[in-house]
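Just so you know, all these numbers are worked out from the coordinates, no wet-lab data involved. Since the model is a prediction, treat every value here as computed from it, not as a measurement. Here Cβ is always computed from backbone atoms with ideal geometry, including for glycine, and neighbour counts include all displayed protein chains.
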Amino acid sequence: MTTPLAHEPSTLALTVNGDPRSVAAGTSLSDFLASLKLDPRLVVVEHNRTILRDRDAYASLILGDGDILEIVHFVGGG
Amino acid sequence: MTASVALSPDLDTRFEIGGREFRSRLMVGTGKYASNAQMISAIEASGAEVVTVAVRRVDLDRTKDEGILHHLDPQRFMLLANTAGCFAIDDTIRYARLGRAAGFNEWVKLEVIGDQQTLLPDAAATIEATRVLAAEGFKVMAYTNDDLISALRLEDAGAVCVMPLASPIGSGLGMLNEFAIRTIKHRLSVPVIVDAGVGTASDAAIVMEQGVDGVLMNTGIAAAQDPVRMATAMRLAVDAGRLAYLAGRMPRREIAVPSSPTTGMLDR
């Protein structure tokens, strides 16, 4: 077991869809979507302004402090 | 409900946009319905194959309804993501890319709005965004004004079809400039789909009588008192207008011409 370095906070501050959220350090994008009870196949995630087109990469994407996520989906429209 | 009775193939042909073949000339939106069940019934009644959707933030608190994919089967309908609500080129491109990342197709119904009050499109910005997205491999269906030059520029920029308005979005004013729409249809090589402004079935028939390839509508169905009946009416009207166009109408003349024989009358 490694001791976290002083500059690595144990809780990360995220901005998700414009609102502040906090998650534990080491949380992956897959973990985070699961915690929100979101089905990854039904949403699209933009991570720090980069659209993630490969859903298989969600598990290996570890969130960082200050990360900005946009989670979108399809809604009714004309 | 199995209301989508296709016209017999000897009456009308299928048509193609961007290498994909379509049967129904009516495309419909999914906004403004009272319920998802009503939306599905109306879409089925319309016979549409192409169904537009918008890209928006997920409500993480779930106080609102879930995403539309819980209700619409992407295997059954071609989902066409729009960029509704975008006023800037950058935003529009971002929304188009988000829509594509949902993973269903490379198509986008491109809208860049130029004015909040009228929701009229910004043609210059739409042309620029079309150029960028077409280069990225998008199949761009470009919403625009009923203006020939904008339509020609969109075709040059790589749009797979051009979608001039009948009248402003959600206005229900019907076809305001038949001449402009016919001119666009005559001059473009890519298909022309009239988008926005259809308020009732006769509007849809008049649109199709101009010879355009199809029509897209949302509010005209969703805001009717009975959307499922109106969707059926729109399906019939689109077919009626298309057939009337193919049949070729009689010339207009401002004199009466009798339909019955003028000979053989009694006591003459």
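Key figures
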read-out: Centre separation in Å (Cα based) which lies between region A:12-78 and region B:9-60; value: 29
read-out: Restraint check, B:Lys139/B:Lys185; B:Lys32/B:Lys109; A:Lys37/B:Lys109, Cα-Cα greater than 28 Å; value: A:Lys37/B:Lys109
read-out: Largest-first ellipsoid semi-axes for chain B, taking √(5λ) over the Cα gyration tensor eigenvalues, angstrom; value: 35, 23, 17
read-out: Debye log10 I(q)/I(0) at q = 0.08, 0.16 Å⁻¹ for the protein assembly as shown, Cα point scatterers; value: -0.45, -1.35
read-out: Spin-label model distance (nm) - B:Asp73 vs B:Ser189, 7 Å beyond Cα toward Cβ; value: 3.8
read-out: Fewest-first sequence of A:Ser22, B:Ser24 by Cβ atoms within 10 Å of each Cβ; value: A:Ser22, B:Ser24
read-out: Rg and Dmax [Cα atoms of region B:112-268; Å; Rg one decimal, Dmax integer]; value: 19.3, 79
read-out: Alpha-carbon centroid distance for the pair region B:203-268 / region B:166-194, whole angstrom; value: 17
read-out: Extension gain, B:Leu173 back to B:Gln225 (0.36 nm per residue minus Cα-Cα distance, nm); value: 17.0 nm
read-out: Hull volume in cubic angstrom per residue (convex hull over the Cα atoms of region A:12-72); value: 72
read-out: Spacing of the two label points (7 Å from each Cα toward its C-beta) at B:Ser259 and A:Thr50, in nm; value: 7.0
